[in-house]
1. Using θ = phi - 60° and the Karplus relation 6.51 cos²θ - 1.76 cosθ + 1.60, list the HN-Hα couplings for the stretch 338-351 in order, rounded to whole Hz, with x at every Gly or Pro.
2. How far apart, in nanometres, would the label points at ASN92 and GLU279 be if each is projected 7 angstrom from Cα along the Cα-to-Cβ direction?
3. Starting from one equal scatterer on each C-alpha and no solvent at all, send me the Debye-based log10 I(q)/I(0) for the stretch 245-363 at q = 0.10, 0.23 Å⁻¹, two decimals.
4. Quantify, in whole percent, the carbon and sulfur part of the accessible surface of the stretch 229-280 (1.4 Å probe; protein heavy atoms only).
5. Considering only protein heavy atoms, what per residue accessible area in square angstrom results for the stretch 99-222 with a 1.4 angstrom probe?
6. Which semi-axis lengths, in whole Å and largest first, follow from the square roots of five times the eigenvalues of the Cα gyration tensor of the stretch 190-268?
7. Over all pairs of distinct alpha carbons, what does the Kirkwood formula give as the hydrodynamic radius of the stretch 134-260, in Å?
8. What whole-number value in cubic angstrom gives the convex hull volume per residue for the C-alpha atoms of the stretch 299-379?
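The values are calculated or read from the model by the stated rules, or taken from the named source; none is laboratory data. This one's a predicted model, so the numbers in the text were calculated from it and none came from an experiment. We place every Cβ from the backbone using ideal geometry, glycine too, and count neighbours over all the protein chains shown. SASA here: full protein model, heavy atoms, side chains in, ligands and nucleic acids out. Shrake-Rupley method; radii C 1.70, N 1.55, O 1.52, S 1.80 Å.
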Amino acid sequence: MRRILLFLSFLFFLYAGWTVLDKLDAKTDNQSVFDTITSEFDNVSKSEELANIKTKLNEGIQYITTLLQSLKEKAPENSMIDQNEIEKPELNIPSEQAFSIHNVELGESKQSVETELGASKRTSLNEYGTNWYTYHENYHNFMMIAYDSQDHVVGLYTNQDLISSTKGIKRGTPKQDALNLLGEPMTRIQKGFVYYEFQQDRDYDVFHIDNTYVTLFYDKHENNTVTSVQIVSEALEQKRADFYTDASDQLKVGFEYQLFDLTNASRVNHGLGILTWDEHVKETARKHSVDMAENNYFSHTNLQGQSPFDRMLEDEVLFTIAGENLAYGQFSSVFAHEGLMNSMGHRENILKKEYKFLGVGVAFNTESHPYYTENFYTK
């Protein structure tokens, strides 16, 4: 926008000064040159044609100035807190289970958790029919916790250095070392009378340990090491009757905000500023997810031939740089995010330092399979 403003100003002064330049060659003394400049600018300013141009330019400049001011007022700083300002907890070896996150284990009460961590920053529905409660300090020390009806911890997740284990597994442990310590992972999971096979080329492993299901996520761009962990109780996993949870508006919104939070937690891991939620571009993202779900396709280009940038401009989302991530079929926001982080192009969008805003839109097809769209941009 600032470039446009400068360009318009340049055009005006170029037009106004052009006739002056032609007459300066013949002048030899400074006073004559000064008189010529004054005279010519007076003549130019009296021109009816130029007066119209000036009016148009002034109107355009005024509009752009107003627009820039409004954008400046709306655009927050891409906030970042120095890692040194956030106190990292001292992690203890868990006493009741094989794993803990931020020294929290399954079975603890919500009251004891929040005595240590404070109130949650967000509550949103997850695929287990309960809520993820999100705890963090400006996305440092990020974790999500699920509670049962008695307010006891039944689910945990983090993608930061908060993992502790009786086996010595932590963030950064090589995949093969984890397998050596935990043994063979599960290859399938039963839901009702149906077995769901885990894909062989997956970037995660699921282990059934001490009446819990522990999922270790690996990052192939970080030497195939453990970068995240999800822990759910056996009872909570069995509560999820099908591989895909029935679609609902609450689950849609839950997945959207969870993906947003997971993205910011990953950015903090890499020393980047956090993104600001943008409701406007969220609608653009959600409309594309709905379009894909209803018309059974999966592409950045829709059936009308529009790119992500076309769709954003059509919705009057003003940007200087922008990008889009898509995911389909992952049964939860966590699995969707972990998959995106293992895909280089999507990972680059998540970790692009120039981005300032993010909107996430989710939709389900008739079989409750979710479509995820993330739209990133900077004004």
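1. 4, x, 5, 5, 9, 10, 4, x, 5, 4, 4, 5, 4, 9
2. About 4.3 nm, to one decimal.
3. These q points yield log10 I(q)/I(0) values of -0.28, -1.62.
4. 49
5. 46
6. The equivalent ellipsoid of the stretch 190-268 has semi-axes of 23, 20, 12 Å.
7. Taking every pair of different Cα atoms in the stretch 134-260, averaging 1/r and inverting gives 16.0 Å.
8. Considering the Cα atoms of the stretch 299-379, their hull volume per residue is 96 Å³.
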